[in-house]
Amino acid sequence: MDQKTTIGNFEAACILLNLLCTKIILDFPRTVSEDAGTAAWLMILLDSVVVYILFLIMTRLYKKFEGNDLLGVSEIAFGETGRIFTGIVYLAQFIFITYVILRQFAEDIKVISLTSTPVSIVILLFAIGMIVGAYLGIEAISRLHVLAIPLLAAAFLLILLFNIPRYDVSKLSPWLGLGVNAIFEKGIINLSYFSEVVALFFLMPFLKKKRSYGEVGRYGIFFSGIFLVLSVLCYLMAYPYPTSTEFFLPVYQMARTIKIGRVFSRIEPAFILIWASCAFLYLSANLYFITYIFQRTFSLKYRKPLVVPFIILVFTLSLLPENLYSTLQADMQIYRTFSWIVTLILPIILLSVASARARIRKRREEARLSHD
């Protein structure tokens, strides 16, 4: 790792916000409406609160390890074996979600605009952008996020605002949707929608103001929670359940319905630009984290030579699913079922054990000094 590489806390917050919110332009509003019906927005609101609270716990435990990434913490907790095991777990997580999202993006853009283009070619186009971003490094990726995220957020909010004439609050009834049991049972699994928050603990060594890392996470979770809830709430007010479960790309569908006078009657091409920008930023950042985690896990000197082998791996894996449905099934049945454990529970366990080990070492050192 290049110790001279640093990024600002606002830049880190932009990365975190994009990682957490990119799913909005895919199938997120539709899938959560399938899970909880008209109460999907409430389920995501509760999930946001739970994730925020869990992050506060992590922040409190992390105070003793400022400047260390999660692999450094795992090494303190369980030694070199712990670092390697933890690295492999998070490496598998990032590789899995990267190839799944890459395939989803490729399939979606093929349906929207490149209907006659083979999906492998679309994936290849994204892969080239990922290589460039990951090769340039986290500093370049963070600067691109600072430039793009405010514009992308504004564009998303405009889509929601221009749909206001179509909103009907009565479409949110019944307020508890498919029931309290569905909200809580599916809500636990859907904590995985916040899995990318773990990226902050791999950005830790690069932050200029390491002591204020907690603010990055709090602001990232808070604003991403707002965007996620708004996307579902507005979607359900525009398309009542169960109609809300039918659309392929919910936010794209909302963009298609916007008409501003006679001149701007179809603005979905602008949505494609927004969509592609989010995709490149998300995938480039993920490929960077994959190479960084592998480098740190196995204590390698250089990271850049890893970019090409891993993009080949991700590219190959993204071609394995037969179609988009198979990709979505892998996402729902594997990633969403277990990812929240890896992201929200495992870090707390590692931090708790590392804190206990640090206290034991301190007491032993104090006992040794007093004995001497």
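The values are calculated or read from the model by the stated rules, or taken from the named source; none is laboratory data. Everything numeric in this text was worked out from a predicted model, so none of it was measured. For neighbour counting, all protein chains shown are included, and Cβ atoms are generated from backbone atoms with ideal geometry for every residue, glycine included. When the accessible area is computed, the model is the full protein with side chains, heavy atoms only, and any ligands, DNA or RNA have been set aside. Shrake-Rupley method; radii C 1.70, N 1.55, O 1.52, S 1.80 Å.
Just a few scattered comments:
- Matching residues in the stretch 15-46 - criterion: being open to solvent by 10 Å² or more (accessible area, probe 1.4 Å) and farther than 18 Å from Phe156 by Cα: Glu34, Asp35, Leu42, Leu45, Leu46
- Test: residue in the stretch 208-217 that is farther than 23 Å from Tyr325 by Cβ, at pLDDT 85 or above and surrounded by fewer than 16 Cβ atoms within 10 Å (Cβ to Cβ): yes
- Within the stretch 339-355, residues that are under 13 Å from Val51 (Cβ atoms) reach partners that are open to solvent by 30 Å² or more (accessible area, probe 1.4 Å) and assigned to a helix (DSSP H, G or I) with beta carbons closer than 8 Å, at six or more positions or on different chains, in the pairs Trp340/Ile188; Trp340/Ile189; Leu344/Leu54; Ile348/Leu54; Ile348/Ile57; Ile348/Leu61.
- Verdict on Asn163 being free of Cβ contacts under 8 Å to residues at least 60 places away in the same chain and of a type in the set (S, T, N, Q): no
- Restricting the stretch 59-94 to residues that are of a type in the set (S, T, N, Q) and part of a helix (DSSP H, G or I), the residue that is most open to solvent (accessible area, probe 1.4 Å): Thr81
- Residue in the stretch 112-134 that is farthest from Val307 (Cα to Cα), counting only those that are open to solvent by 60 Å² or more (accessible area, probe 1.4 Å) and in a helix (DSSP H, G or I): Ile121
- You will find that of Ile293, Ile311, Ile260, Ile274, the residue that is within 20 Å of the chain's Cα centre (by Cα) and at pLDDT below 90 is Ile274 and no other.
- Residue in the stretch 138-158 that is of a type in the set (A, V, I, L, M, F, W, C), farther than 27 Å from Ile258 by Cβ, surrounded by fewer than 19 Cβ atoms within 10 Å (Cβ to Cβ) and under 22 Å from the mean Cα position of the chain (by Cα) present: yes
- Taken over the stretch 184-207, the residue count meeting the criterion of being open to solvent by 10 Å² or more (accessible area, probe 1.4 Å) and of a type outside the set (Phe, Trp, Tyr) is 7.
- Ala367 meets each of the listed conditions (1) exposed (fewer than 11 other Cβ atoms within 10 Å of the Cβ); (2) within 21 Å of the chain's Cα centre (by Cα); (3) of a type in the set (Gly, Ala, Ser) apart from (2).
- Of all residues in the stretch 315-352 being β-branched (Val, Ile, Thr) and open to solvent by 40 Å² or more (accessible area, probe 1.4 Å), the one that is farthest from Phe201 (Cα to Cα): Thr316
- Residue in the stretch 172-181 that is among the polar types (S, T, N, Q), open to solvent by 80 Å² or more (accessible area, probe 1.4 Å), assigned to a helix (DSSP H, G or I) and over 26 Å from Ala255 (Cβ atoms) present: yes
- Set Ala39, Ala12: member being in a helix (DSSP H, G or I) and in contact with a strand residue (DSSP E or B) (Cβ under 9 Å, 6 or more places away or on another chain): Ala12
To keep it simple, each residue is scored yes or no on (1) over 23 Å from Trp340 (Cα atoms); (2) under 19 Å from the mean Cα position of the chain (by Cα); (3) charged (D, E, K, R).
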{"site": "Glu66", "(1), (2), (3)": "yes, no, yes"}
{"site": "Asp69", "(1), (2), (3)": "no, yes, yes"}
{"site": "Arg83", "(1), (2), (3)": "no, no, yes"}
{"site": "Ala92", "(1), (2), (3)": "no, yes, no"}
{"site": "Ile101", "(1), (2), (3)": "no, yes, no"}
{"site": "Pro118", "(1), (2), (3)": "yes, no, no"}
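- Filter pass, Leu236 being assigned to a helix (DSSP H, G or I) and open to solvent by less than 10 Å² (accessible area, probe 1.4 Å): yes
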